[in-house]
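Heads up: the structure comes next, in structure tokens.
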Amino acid sequence: LYSHQAEAVDATRAGRDVLIVTGTASGKSLCYQLPILEMIERRPAGRAIVLHPAKALSQDQFQSFRRALGAAQMLDTLVGVFDGDTPANMRRKLRDEASVILTNPDMLHAALLTNHTRWADFLRNLRFVVVDEMHTYSGLFGSNAANLFRRFERVCSHYGSHPQFIFCSATVGNPLEVAKKLTNRDAILIDNDGSPRGR
């Protein structure tokens, strides 16, 4: 692992919210994939949500996650993209059986929170919420997302879960402030990029 990846995994294992701000293609995805894989291995009932601001990003990261599952010999684990293009029967299957759901804030608002009683088991076992591309949550969109995350945390608390947040971004100037405004929680900042770089 690169040093920032190891640091992120250690902080996550310690139960802290984590904020990874390192360069493009520095391996930020592994910073949240590894803790989620550990969760699946040690606590199969555990659940995780990975949020991306756009559907295309969810599809890309889904393929990356499938590769990670393959490397860990865990391909029988159900991981899926839950968005507007997901068929109704697959949505039900993901809700009832998936360990990891990759989705976006719109679906969190419109499909999950509005039907949270149907998601009770998933929410009860939710361990991680990953907010990828955190720098996109600014302006009006960021304000709406902050309200959404607060509602989401209240619903999780209702079902007895208190998931850790893992934030990722390559380009944000004030990461701790943004994370605090989004969730009203403190996170450990990991910004010492340990990935190789040319001169």
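The values are calculated or read from the model by the stated rules, or taken from the named source; none is laboratory data. The structure displayed is predicted, hence computed values, not measured ones. Methodologically, a virtual Cβ is constructed for each residue, glycine included, from the backbone with ideal geometry; neighbour enumeration extends over all protein chains shown. Side chains included, ligands, DNA and RNA excluded: accessible areas come from the protein's heavy atoms. Shrake-Rupley method; radii C 1.70, N 1.55, O 1.52, S 1.80 Å.
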Residue pairs meeting the criteria (Cβ under 6 Å; at least 6 apart or on separate chains; first aromatic (F, W, Y), in the stretch 117-131; second in a strand (DSSP E or B)): F122/R47; F128/A48; F128/Q164
Hits in the stretch 154-176 (condition: outside any loop (DSSP other than H, G, I, E, B) and open to solvent by 90 Å² or more (accessible area, probe 1.4 Å)): R154, H158
Candidate set: the stretch 130-140, residues that are farther than 13 Å from H52 by Cβ and either at pLDDT 90 or above or not in a loop (DSSP other than H, G, I, E, B) (or both); chosen: the one most open to solvent (accessible area, probe 1.4 Å): L140
Pick from the stretch 148-183, criterion over 17 Å from the mean Cα position of the chain (by Cα) and among the polar types (S, T, N, Q), ranking: modelled with the highest pLDDT: S157
Matching residues, the stretch 11-22, being under 17 Å from D186 (Cβ atoms) and of a type in the set (D, E, K, R): R16, D17
Answer from R95, R127 - the residue that is buried (at least 16 other Cβ atoms within 10 Å of the Cβ), outside any helix (DSSP H, G or I) and modelled with pLDDT of 95 or more: R127
Index of the failed condition, A179 passing every other in (1) open to solvent by less than 10 Å² (accessible area, probe 1.4 Å); (2) in contact with a helix residue (DSSP H, G or I) (Cβ under 6 Å, 6 or more places away or on another chain); (3) in contact (Cβ under 8 Å) with a residue 60 or more places away in the chain; (4) not acidic (D, E): (2)
Strands (runs of 3 or more DSSP E) within the stretch 1-92 that include 2 or more residues surrounded by 20 or more Cβ atoms within 10 Å (Cβ to Cβ) and hydroxyl-bearing (S, T, Y): none
Single unsatisfied condition, S195 versus (1) within 21 Å of C31 (Cβ to Cβ); (2) in contact with a strand residue (DSSP E or B) (Cβ under 6 Å, 6 or more places away or on another chain): (2)
Matching residues, the stretch 76-105, being over 16 Å from the mean Cα position of the chain (by Cα) and either polar (S, T, N, Q) or under 10 Å from I49 (Cα atoms) (or both): T77, T86, N89
Test for S143: is it without any contact (Cβ under 8 Å) to a residue 60 or more places away in the chain, out of contact with any Leu (no Cβ under 8 Å at 6 or more places or on another chain) and closer than 16 Å to P105 by Cβ: yes
Unique residue being open to solvent by 80 Å² or more (accessible area, probe 1.4 Å) and touching an Asp or Glu at 6+ places or on another chain (Cβ under 8 Å) when the list is D186, D191: D186
Filtered residues of the stretch 1-60 (kept if among the acidic types (D, E) and in contact (Cβ under 8 Å) with a residue 40 or more places away in the chain): E7, D17
